[in-house]
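Each value in this text was obtained by applying a stated rule to the coordinates, not by laboratory testing. Quick caveat: nothing in here was measured; it's all calculated off a predicted structure. Positions of Cβ are generated from backbone atoms using ideal geometry, with glycine treated the same way; all protein chains shown enter the neighbour counts.
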Amino acid sequence: MKGVSALFKFVLRVIPIVLVNSLLLTTPVPTHAQEEVLPFLPDTSVVKDNLLNSPGIASALAKREAQRERAKGIQAGHAEFTVRSNIQSRRAGYPEGRSTESMISLERPLRLWGKSAQDSALALQTETVAGIEYTDALHEASRELLKQWFVYLRALAEHRNALLNLEYIQALQKQVERRLQRGELAQLDLTLAGAELMRAEALQSVAEAQLAGIRATFGRRYPTIVLPPAVPSVPVPALPQGQQALRESFLTRNHELNLLRAETRRLQLLAQRLNLERTPDPTLGIFTATERGGAEQVSGISLSFPIAGPARTANARMAIAEAQSLEAHAQQVEQSLAGGFDALWAQMIHKRSAAENLNQAAQKQLAAAEKSRKAFTLGEYTLTQTLQINRTASEYRHSAQTMQLEVVELVALLWLDLHEIWDLD
């Protein structure tokens with residue numbers, strides 16, 4: 001007995017360790033990488049409040065409730081009681097041979113041949129499909145909000161870049177005016193500086209208009225989300241690791257794919273139900289009748305069977321074909337989603353590298369622009385050279401900021417699809 005007890009205790013200690021190790025091998029190990037994108041995003045509670053109160057989610061919620069009621073109807077079945085009543089007059093060939101007769105009956109079809117159990121399974125699967133449809137609508141709304149959020153951040157970065165460029169040109173314009181008064185520059189230089197200033201003002205106005213339009217549109221759709229006044233000045237989040245494991249997790253949690261699989265299962269159950277329908281259900285009834293003016297009382301039981309036609313078989317075969325079609329479509333979507341995940345992964349890697357290169361190039365070009373302005377002050381550079389270097393620096397800065405935000409958006413979309421951020425399900 002002691003040996004058995006010791007063996008039992010050993011098994012109790014080993015099993016949890018084996019299970020944990022198995023989970024670690026099959027499940028992606030969570031990192032803090034998803035937390036690095038949170039400074040760029042609005043708070044989860046605010047996002048949830050906006051989405052749950054949006055018309056789109058209200059529509060999805062109503063559709064889910066409709067599907068649940070549909071499931072209840074499937075569970076209850078379509079068989080109903082039928083009451084029949086008739087009154088007739090009988091005439092006989094003898095005196096006082098006319099009498100009134102009546103009959104009343106109560107009938108109801110019976111669900112036999114396993115149809116009731118099949119309806120229960122079909123109703124449960126219908127509720128499952130309704131739940132996935134709702135969570136899919138919620139997730140797609142989250143993705144749309146995330147994309148619109150980064151549209152605003154990019155417009156904000158562009159506006160900031162235009163404003164910095166305008167400030168640079170304004171300072172350069174004043175410097176040109178001072179040097180012209182001292183006779184160090186020609187009138188043409190002042191004209192060039194004025195033209196560049198008007199160009200900078202125009203670009204700033206365009207960026208301001210674009211930002212105002214995006215802000216207004218976003219505020220109308222998401223009224224309680226406060227837009228940041230500037231792009232967060234935090235490092236770009238690190239790229240996730242473990243492509244294969246994350247791809248499997250992505251496919252497992254993907255609402256679109258799960259919805260297709262659930263709908264395929266529902267159609268398979270429906271095909272099985274329609275196949276059972278090839279055997280008609282009998283209708284059972286009870287009746288009572290009064291004949292010969294009440295001289296005779298008749299009561300009994302009625303039983304009727306429909307004669308099945310070819311339409312029942314055709315409906316069953318049609319449902320089977322539809323289920324097979326949707327199953328093949330689900331496999332196609334799974335392949336497409338896996339390919340899209342790999343494409344997003346490749347974009348993250350290459351755009352992250354591009355963002356780093358652009359950022360370094362922008363820093364060097366901005367430093368060159370600052371040096372060129374000092375060189376222009378000392379008369380070592382012409383105004384045309386200084387303006388050209390500044391334009392290039394401004395373009396590099398804008399390209400670097402845009403690429404950095406694209407990388408952040410890709411990483412955020414990945415963690416959103418993996419339900420590591422904004423998990424509202």
Next item on the list: For segment 336-380, just the Cα set please: Rg and Dmax, both in angstrom.
Entry: 19.0, 61
Check: Could you work out the helix-only [θ] at 222 nm for the chain, with each DSSP H run of four or more residues adding -39,500 (n - 2.57) and the total divided by the number of residues, to the nearest 500 deg cm²/dmol?
Finding: -25000 deg cm²/dmol
Note to self: Cross-link candidates for Lys72: which aspartates and glutamates have Cα within less than 19 Å, leaving aside residues fewer than 8 places away along the same chain?
What the structure shows: Glu80, Asp119, Glu127, Glu133, Glu263
Check: How high is the relative contact order of the chain, in percent, with contacts defined as C-alpha pairs under 8 Å that are six or more residues apart?
Finding: 23 percent
Next item on the list: Under 15 Å from the Cβ of Val234, count the other residues' Cβ atoms, weight Lys and Arg +1, Asp and Glu -1, and hand me the total.
Entry: -3
Checklist line | Candidates Arg373, Arg178, Arg90, ranked by Gaussian network fluctuation over the chain, Cα under 10 Å, top entry | finding: Arg90
Margin query: Connecting C-alpha atoms closer than 10 Å in a GNM of the chain, tell me which of Asn254, Asn315, Asn50 has the biggest fluctuation.
Written below: Asn315
Item checked: DSSP H segments from the chain that extend 20 Å or more along their own axis, Cα-based, with Kyte-Doolittle mean of 0.5 or above -> 2-26
Next item on the list: Springs between alpha-carbon atoms under 10 Å, Gaussian network over the chain: tell me which of Leu163, Leu112, Leu260 tops the mean-square fluctuations.
Entry: Leu112
Checklist line | Sorted largest first, extent of segment 164-236 alpha carbons per principal axis (Å) | finding: 57, 27, 17
Item checked: Cβ-defined net charge surrounding Glu277, 10 Å radius [Lys, Arg +1; Asp, Glu -1] -> +3
Notebook entry, point to check: So, in nm, how far is label Trp113 from label Leu284 when the simple model puts each one 7 Å beyond its Cα toward the Cβ?
Noted result: 1.7 nm
Item checked: Given Lys174/Lys371; Lys351/Lys374; Lys147/Lys351, the pairs whose alpha carbons are separated by over 26 Å -> Lys351/Lys374
Next item on the list: Any chance you could run the full-extension gain for Lys371 through Ala245? It's 0.36 nm times the residue separation minus the Cα-Cα distance, nm to one decimal.
Entry: 40.4 nm
